[in-house]
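S.K.: My questions will all concern the structure given below.
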Amino acid sequence: MLHLKKILFPTDFSRCAEQALAHAVFLAEKYDAEIHVLHVVTLFNDQPGIISNEITETEETIRKLEDIAEKHLNKVVDSKGSDDMKIITSTKREVSAAPAILEYASDNNIDLIVMGTHGRRGLGHLLLGSAAEEVVRVAACPVLTIRELKEPKPVMHVNNILVPVDFSNYSKDTLAYASEIAQSYNAQLQVLHIIEETMHPAFSLTGKSSIFDLIPGIEDDCRKRTEKMVKDVVSKKIKTDIFIKGGSAASDIIKYAKENSADLIVIATHGLTGLEHMLLGSVTEKVVRMAHCPVFIVKAFGRSLISK
């Protein structure tokens, strides 16, 4: 089962964060965990849920922002707290939100970070970046991202969990997490393997235009390997369907999730940083940015939350 005792909920007091809080509370109640509610007063930036007019960044102004944040944090506790749930509030100062979130998670041995994402794309994403994506990439613990929706579903409404896999040990860990989460929600699993159809230009000399033409038995082989992985890892109590498709990983995961009514995606990240990340990008980050449903990100590094 999942060993989930400390949940970190970073908030900017926006509608997006409020939707993420509902998920944090649900999981805290489910696993008898404590919630750490964190607000980062970002220096030289506006506070989206607190203040709208531009002001000079002085020590006095920052203290005022911290006082306002404290009041908002108390409102969060009053609205969601109960005698049976421990909620810890904290305010930190930082130039940007992500480093403060990551430092707090490390210092307090957080098991899971639950945070909202605004799903910025295009120029806005390039210019502003995304705190959620940096946290997803660097945090040593799993991260659950919640995409802001006009009409969010009830938190407990998780019937279909999509699990994209390759054949690495990371995917085995991801399936193990998905199996535990599925039992918590009484949900079924949709295990998806994408066969990358893009071929290296060198293969054009073979006269083959598709990986399926180049390796005729690849689909059957992938299905057998996926079936074995599911058999080895997933509880027999959970209804599990396996799907093998050709395409491009990120875009087809997102497309499949939408077309097949996935309520949650459980996916691994390899934690690429620096130049490697800039050159290769990240399938997981693209899924976080564009998926219509919550995404639970399992880390390829850090400690496991699964009790043996």
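S.K.: Is it fair to say Ala257 is more than 24 Å from Ser184 (Cα to Cα) and either in a helix (DSSP H, G or I) or modelled with pLDDT under 95 (or both)?
M.R.: Considered against the rule, which asks whether it is more than 24 Å from Ser184 (Cα to Cα) and either in a helix (DSSP H, G or I) or modelled with pLDDT under 95 (or both), Ala257 comes out as no.
S.K.: Taking segment 79-116, which residues are out of contact with any helix residue (DSSP H, G or I) (no Cβ under 6 Å at 6 or more places or on another chain) and at pLDDT below 70?
M.R.: Passing the criteria: Ser79, Gly81, Ser82, Asp83.
S.K.: Determine if segment 128-137 includes at least one residue that is at pLDDT below 90, in a loop (DSSP other than H, G, I, E, B) and within 30 Å of Val41 (Cα to Cα).
M.R.: The answer is yes, given that some residue of segment 128-137 is at pLDDT below 90, in a loop (DSSP other than H, G, I, E, B) and within 30 Å of Val41 (Cα to Cα).
S.K.: Also, I was wondering about something else. Quick check on segment 171-182. Is at least one of its residues in contact with a helix residue (DSSP H, G or I) (Cβ under 7 Å, 6 or more places away or on another chain), of a type in the set (A, V, I, L, M, F, W, C), farther than 18 Å from Ser235 by Cα and buried (at least 16 other Cβ atoms within 10 Å of the Cβ)?
M.R.: No, every residue in segment 171-182 fails to be in contact with a helix residue (DSSP H, G or I) (Cβ under 7 Å, 6 or more places away or on another chain), of a type in the set (A, V, I, L, M, F, W, C), farther than 18 Å from Ser235 by Cα and buried (at least 16 other Cβ atoms within 10 Å of the Cβ).
S.K.: Search segment 15-32 for residues that are open to solvent by 20 Å² or more (accessible area, probe 1.4 Å) and pair each with any residue that is among the small types (Gly, Ala, Ser) and in a helix (DSSP H, G or I) when their beta-carbon atoms are under 6 Å apart and the residues are at least 6 apart or on different chains.
M.R.: The qualifying pairs are Lys30/Ser184.
S.K.: Which number in (1) at pLDDT 90 or above; (2) in a helix (DSSP H, G or I); (3) open to solvent by 20 Å² or more (accessible area, probe 1.4 Å) marks the one condition that Ile242 misses?
M.R.: The one condition Ile242 does not meet is (2).
S.K.: Quick check on this structure: which one of Gly119, Gly49 is modelled with pLDDT under 75, within 23 Å of the chain's Cα centre (by Cα) and within 26 Å of Val158 (Cα to Cα)?
M.R.: When all the criteria are applied, what remains is Gly119.
S.K.: Right, something else. Here is a check on your reading of the model: is Asp252 surrounded by fewer than 16 Cβ atoms within 10 Å (Cβ to Cβ) and either at pLDDT 90 or above or farther than 21 Å from His23 by Cβ (or both)?
M.R.: In short, no.
The values are calculated or read from the model by the stated rules, or taken from the named source; none is laboratory data. Only a predicted model underlies this, so the values are computations on that prediction, with no experimental measurement involved. As a convention, Cβ positions derive from the backbone with ideal geometry for all residues, glycine included, and neighbour counts pool all protein chains shown. The area values use the complete protein model at the heavy-atom level, side chains included, leaving out ligands, DNA and RNA. Shrake-Rupley method; radii C 1.70, N 1.55, O 1.52, S 1.80 Å.
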